[in-house]
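Trainee: One structure, pasted below without further comment.
The values are calculated or read from the model by the stated rules, or taken from the named source; none is laboratory data. These numbers come from a predicted model, not from an experiment. We place every Cβ from the backbone using ideal geometry, glycine too, and count neighbours over all the protein chains shown. To get the accessible areas, we keep the full protein, side chains included, count just its heavy atoms, and leave off ligands, DNA and RNA. Shrake-Rupley method; radii C 1.70, N 1.55, O 1.52, S 1.80 Å.
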Amino acid sequence: LPSEIGLLSSLTCLDISENALEAMLPTEIGNLSNLQEVTFFDNYLSGTIPSEIGLLSSLISLDISMNALESTLPTEIGMLANLKELDLSSAGILDGPIPTEIGKLSLLTDLWIYNNWVSGSLP
């Protein structure tokens, strides 16, 4: 994804599902403060989830399932106070424990984390 995506400040929904995109998530995604829904399902996204994801204060749904990300879930995930749905299934990212900050997501109703390398327990 190009860094210029961060210039789309009015964007409320970003869905790039099932495109076979080979890309990394740019840090500029944190500039999209109006985003409510992000769906990156079934691509070849690699690298890490940038900590700037925590700046998406309007986010209600985040789906990054079925990708090839290589990291742990950033602690900034706990800053997404409006998040209701979080799909990390088969994302290839969860290596290690789930950060305790996920417990701050009081509105979370749906959490999918299967088919990853999670260790430890849920906070």
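Trainee: I'm trying to understand the selection: among the residues of region 81-104, which are open to solvent by less than 70 Å² (accessible area, probe 1.4 Å) and under 19 Å from S33 (Cα atoms)?
Mentor: Passing the criteria: A81, N82, L83, L86.
Trainee: Still on this structure, I have one more. Return the residues of region 110-120 that are without any contact (Cβ under 8 Å) to a residue 40 or more places away in the chain and either touching a Lys or Arg at 6+ places or on another chain (Cβ under 9 Å) or open to solvent by 90 Å² or more (accessible area, probe 1.4 Å) (or both); say none if nothing qualifies.
Mentor: Those that are without any contact (Cβ under 8 Å) to a residue 40 or more places away in the chain and either touching a Lys or Arg at 6+ places or on another chain (Cβ under 9 Å) or open to solvent by 90 Å² or more (accessible area, probe 1.4 Å) (or both): D110, Y114, N115, W117.
Trainee: Would you be able to say whether some residue in region 105-114 is in contact with a Gly (Cβ under 8 Å, 6 or more places away or on another chain) and modelled with pLDDT of 85 or more?
Mentor: Looking through region 105-114, at least one residue is in contact with a Gly (Cβ under 8 Å, 6 or more places away or on another chain) and modelled with pLDDT of 85 or more.
Trainee: Somewhere in region 105-119, is a residue in contact with a Phe, Trp or Tyr (Cβ under 6 Å, 6 or more places away or on another chain) and over 22 Å from L55 (Cβ atoms)?
Mentor: Looking for residues that are in contact with a Phe, Trp or Tyr (Cβ under 6 Å, 6 or more places away or on another chain) and over 22 Å from L55 (Cβ atoms), one finds none in region 105-119, hence no.
Trainee: Quickly run through region 104-119 and pick out the residues that are farther than 21 Å from L14 by Cβ, out of contact with any strand residue (DSSP E or B) (no Cβ under 9 Å at 6 or more places or on another chain) and part of a loop (DSSP other than H, G, I, E, B).
Mentor: Residues satisfying the conditions are S106, Y114, N115.
Trainee: Go through (1) buried (at least 21 other Cβ atoms within 10 Å of the Cβ); (2) more than 12 Å from the chain's Cα centre (by Cα) and name the single condition L107 misses.
Mentor: (1)
Trainee: Let me ask something else about it. Does I49 meet the test of being under 18 Å from E85 (Cα atoms) and in contact with a strand residue (DSSP E or B) (Cβ under 9 Å, 6 or more places away or on another chain)?
Mentor: The answer is no for I49.
Trainee: Give me the pairs: first residue in region 1-26 and over 20 Å from T48 (Cβ atoms) and among the acidic types (D, E), second residue open to solvent by less than 50 Å² (accessible area, probe 1.4 Å) and in a strand (DSSP E or B), beta-carbon distance under 9 Å, and six or more apart or on different chains, which are they?
Mentor: Taking only residues 6 or more apart or on different chains, the pairs are D15/V38; D15/T39; D15/D63.
Trainee: Any chance you could count how many residues in region 68-80 are more than 11 Å from the chain's Cα centre (by Cα) and under 24 Å from N34 (Cα atoms)?
Mentor: The total comes to 3.
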